[in-house]
Amino acid sequence: MLFNSLHFLAFFPIVIIAYFIIPQKFRWILLLIASYYFYMCWKVDYIILILISTLIDYMCSNKMSKIKSKEKRKKWLYLSLISNLGILFGFKYFNFFSENIQLLFNQYNVLYEIPFFNALLPVGISFYTFQTLSYTIDVYNNKTQAQKHLGVFAVYVSFFPQLVAGPIERSNHLLPQFFEKHDFSYSRVKSGLQKMLWGFYKKIVIADNLAILVDGVFNNVDNYSGITLIVATIFFTFQIYCDFSGYSDIAIGSARVMGFELRENFKRPYFSKSIQEFWQRWHITLSSWFKDYLYVPLGGNRVIKWKWYYNILITFLLSGLWHGANWTFIIWGALHGSYLILAIIFKIQKDAISQKINSYSPTLNKFLDVSITFILVAFTWIFFRANNLNDATYVINNLTFDLSEYSSLGMQFRGIGLQLNDVLKCVLLIFLLIAFSTYERSGNVWMKLQRKSKWIRWAIYYFLIYGLLFLAPHSTINNFIYFQF
Amino acid sequence: MILKDLKKLIIKLCILITPILIWILILVQVDPFNYFNSSNILSQETEHQTARKLNSLLYNSLWFKNNPTPNIIIGDSRIKRLPIDEIKKISGDNYFILHSNAAKLNEIIDLFWLSSKYSNLENVILGVNFNLFNQYAYSNRVNEVEQMFKNPLMYIFNGNVLEVTIKAIISHFSEVNIPNISRNIMLKRELNGKSFKDKEIWWQYNLSTVAKNQYSRYKYPKDLIIRLKEVKKYCLENNINLTLLNVPHHKEFRQQVIDFNLTEEENKFKQEIKKIGTVIDYDFPNTITNCRGCFTDPIHTNDSISLLMVKEIFNDSMVIGKKL
């Protein structure tokens, strides 16, 4: 089920009403049924994968909790890791690896046929797999208690607001909340609905409008050149942010309506002054997962320099691969890893330049840092969005332009079926997003608005709701980009 | 406490929803595009001045859905002027002109499939010119119309419908026609501040800007040929007479095809459409294309030439035009 569908518009109020009507001790049953239904609306059969994952992790964690010796607990940890990662590998990576092995064999004229696994990629598999993995690893490390209540544990694995695209929750944060009694509270419900409203606006109005141009260009890159490719890349930079942070806001908001607090996933990432800071603000729950369960166990930065670089690179390569079984994602991850390594190598020089500019104008220094980080990140999105490596290479090779191309811009947009007015609408929406994010810098926007007159607040509500109704591109209902991961 | 909170929330949600409900009520009453086909508040003249002018595709598609005919002419603004009454007088058949301003060939094909859903077609004329036969000439508006047919909410909450409804209400009560401001501003900018109502300026704009838009980037449209072949197959299977009409352009516009080195491509285009159905061609050097007075601008013929074409086509007595 998509958040941006009429189906969800009916589903959500029914669940909320039922949730507050039934007694606390039975609420987990409602949440479990609702979550499984939510997932089965996409494909009924694949609920079995969630069930397998739930049962194995429940069993392994409970077995581990009964064994004191860490060495003896290992076999249960391995069982959980192998089964979860095995399912993930089978559905997501098997074809990618077999294709590449086959290509390699073909290079050496070795004829070797590897069977093709013809199955749909289960939505959100990477998200719930990582969530359950963190749980079993935490139980193994005695950082969390094994959950005895199978039903509640099943809700933790499949909790519908964050099931298919996160935020990836940690057991010690989310699990205890299922045992808390959540009464109906006006202020909390309002806060949740406000968060959802802005999330829907970001997804349906901003991201989906930007997607028309982005998809038109990136699905036929060789029809376009120079400035159009630059515009499409910048638009995608904002599209993916609005799409994914929009989803996170809807997830956090809908959970909040019921009384659950999920972790924030985005903190104005495009205002980051460095790539390192960007990763503390972008998809926070995934980057902290990789940090805690891969980077730190590998040794983190408490090792010799070369090993440190290796740890960074391997973390980001795997982060790229997590996003999708395609070389474009791997290069995207490699680029981010390389940026971070280069930032460490040239830290002294960079600091010296920054200091000089800072003494002249701190604002200029900050502006330059933010702009450079934005450009570096936008560049990596080319790989993320391109359908294959050839397309990405074509885009990069054709990014240069001269000003005379400006006159053909309208013509190239018409080729996608867009008028210049449509593009201007997108630019205005981007400015609106930047204005919102700037306002957000000094604290929660909705809390600040609470102190304004009710006329302003209601004007904003109407602006967002009517924007949702009248500015959404109706010809298609777009999936969330991160569903594919 | 909980009940008080709940009451507060319900009241506020009602306040939020009320304007939406009022809007739905107004739209169902005014219904400028006749989506619900139950309102008679607006005169046809007002509908033409507002809805059809601003979104001819939606207006005409809905009109056809509500009043389907077995005979149809599909195309862009160039076929809009074909006199429908004269066609009926000559052929004895009711035709409907399903036109959309600035329609692309892929949309004309989409409109064919859309119309085939609502009518058992017998005679179909597609307005197909070379300047539409280009991979880069693409738009996807028919899809939105089809979605709207399926889902009334998409009609109710459409920006275009909102704009037209407001204009129609103002027009209805005050007899003031609100111009399409955004289009006018855009045209004014493209015409360097000059008025597009000046025929000479508009003529030159078509030759310089419109022709450049259409011809400076060209790619042979493989997909369109495949789709036209599907139309041909469907017509053969269902005994539908399919005609492709190539309307004339003034010679100065035709010169642009030569200037952009597309003469060979144009010949190829005519060869290709010959394989699809009967082609009636007016777009070659002839007495119409040589006559400036026959056009309102380089690509739109005036009413008398449109009438002349209709007489030739429907009396099956080609004098200026030729069958390919």
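The values are calculated or read from the model by the stated rules, or taken from the named source; none is laboratory data. Keep in mind it's a predicted model, so treat the numbers as computed, not measured. Reconstructed Cβ throughout: ideal geometry from the backbone, glycine too, with neighbour counts over all protein chains shown.
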Listed by first then second residue, the pairs whose first member lies in the range B:116-134 and is on the phi < 0 side of the Ramachandran plot, whose partner is of a type in the set (Gly, Ala, Ser), with beta carbons under 6 Å and at least 6 positions apart or on separate chains, are B:127/B:75
The residue that is nearest to the chain's Cα centre (by Cα), considering only those in the range B:149-160 that are facing chain A (nearest Cβ under 7 Å) and assigned to a helix (DSSP H, G or I), is B:159
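Going through the range B:257-271 one residue at a time, which ones are surrounded by 17 or more Cβ atoms within 10 Å (Cβ to Cβ) and either of a type outside the set (Asp, Glu) or more than 23 Å from the chain's Cα centre (by Cα) (or both)?
So in the range B:257-271, the residues surrounded by 17 or more Cβ atoms within 10 Å (Cβ to Cβ) come out as B:257, B:262, B:265-266, B:269-270.
Within the range B:257-271, B:257, B:262, B:265, B:269, B:270 meet the criteria.
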Given the conditions (1) assigned to a helix (DSSP H, G or I); (2) in contact with a Ser or Thr (Cβ under 6 Å, 6 or more places away or on another chain); (3) modelled with pLDDT of 80 or more, every one holds for residue B:68 apart from (1)
Note on residue A:60: of the conditions (1) in the same structural domain as residue A:76 (by TED's automatic domain parsing); (2) within 17 Å of residue A:120 (Cβ to Cβ); (3) surrounded by 13 or more Cβ atoms within 10 Å (Cβ to Cβ); (4) not acidic (Asp, Glu), unmet is (2)
| query | Of the residues that make up the range B:39-51, is at least one acidic (Asp, Glu) and away from chain A (no Cβ under 14 Å)? | reply | yes
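Filter the range A:413-428 down to residues that are modelled with pLDDT of 70 or more and either part of a helix (DSSP H, G or I) or away from chain B (no Cβ under 14 Å) (or both), then give me how many there are. Give the derivation first.
Restricting attention to the range A:413-428, the residues satisfying the condition of being modelled with pLDDT of 70 or more are A:413, A:418-428.
Narrowing the set further to residues that are either part of a helix (DSSP H, G or I) or away from chain B (no Cβ under 14 Å) (or both) leaves A:413, A:420-428.
So the answer is 10.
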Note: among B:254, B:217, B:183, B:189, just one is crowded, with 20+ Cβ neighbours inside 10 Å and either over 21 Å from the mean Cα position of the chain (by Cα) or at pLDDT below 85 (or both), namely B:254
By residue number, the members of the range B:126-145 that are more than 9 Å from chain A (Cβ to nearest Cβ), more than 12 Å from residue B:223 (Cα to Cα) and part of a loop (DSSP other than H, G, I, E, B) are B:128, B:129
Reported set for the range B:297-324 where residues are touching a strand residue (DSSP E or B) at 6+ places or on another chain (Cβ under 8 Å) and assigned to a loop (DSSP other than H, G, I, E, B) is B:302, B:318, B:321, B:324
If we keep only residues of the range B:192-205 that are assigned to a loop (DSSP other than H, G, I, E, B) and on the phi < 0 side of the Ramachandran plot, then the residue modelled with the highest pLDDT is B:198
Of the candidates A:431, A:379, A:436, A:374, the one satisfying the condition of being assigned by TED's automatic domain parsing to the domain that holds residue A:270, loosely packed, with under 14 Cβ neighbours inside 10 Å, outside any loop (DSSP other than H, G, I, E, B) and modelled with pLDDT of 90 or more is A:431
Here the qualifying pairs (Cβ atoms under 7 Å; residues six or more apart or on different chains; first in the range A:9-23 and outside the structural domain of residue A:259 (by TED's automatic domain parsing) and under 16 Å from residue A:182 (Cβ atoms); second surrounded by 12 or more Cβ atoms within 10 Å (Cβ to Cβ) and of a type in the set (Lys, Arg)) come out as A:19/A:27
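In this structure, is residue B:73 within 30 Å of residue B:284 (Cα to Cα) and in a strand (DSSP E or B)?
Working: within 30 Å of residue B:284 (Cα to Cα): yes; in a strand (DSSP E or B): yes.
Yes; evaluated as a whole, the condition is true for this residue.
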When (1) assigned to a helix (DSSP H, G or I); (2) at the interface with another protein chain (Cβ under 9 Å from one of its Cβ atoms); (3) under 30 Å from residue B:210 (Cα atoms) are applied to residue B:163, the one that fails is (2)
Expected single match for within 17 Å of residue A:277 (Cα to Cα), under 24 Å from the mean Cα position of the chain (by Cα), in the same structural domain as residue A:229 (by TED's automatic domain parsing) and not acidic (Asp, Glu) among A:368, A:313, A:342 is A:313
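Return a yes/no flag: does the range A:204-217 have any residue that is away from every other protein chain (no Cβ under 14 Å) and over 24 Å from residue B:154 (Cα atoms).
Of all residues in the range A:204-217, those away from every other protein chain (no Cβ under 14 Å) come to A:206-207, A:210, A:214.
Now narrow it down to the ones that are over 24 Å from residue B:154 (Cα atoms): none.
No - not one qualifying residue is present in the range A:204-217.
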All conditions in (1) within 14 Å of chain A (Cβ to nearest Cβ); (2) farther than 18 Å from residue B:139 by Cβ are true of residue B:213 except (2)
When the range A:60-78 is checked residue by residue, the ones that are over 19 Å from residue A:148 (Cα atoms) and assigned to a helix (DSSP H, G or I) are A:70, A:71, A:72, A:74, A:75, A:78
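Could we say that residue B:276 is within 22 Å of the chain's Cα centre (by Cα) and outside any helix (DSSP H, G or I) here? Give the derivation first.
Working: within 22 Å of the chain's Cα centre (by Cα): yes; outside any helix (DSSP H, G or I): yes.
Against the criterion (within 22 Å of the chain's Cα centre (by Cα) and outside any helix (DSSP H, G or I)), residue B:276 qualifies.
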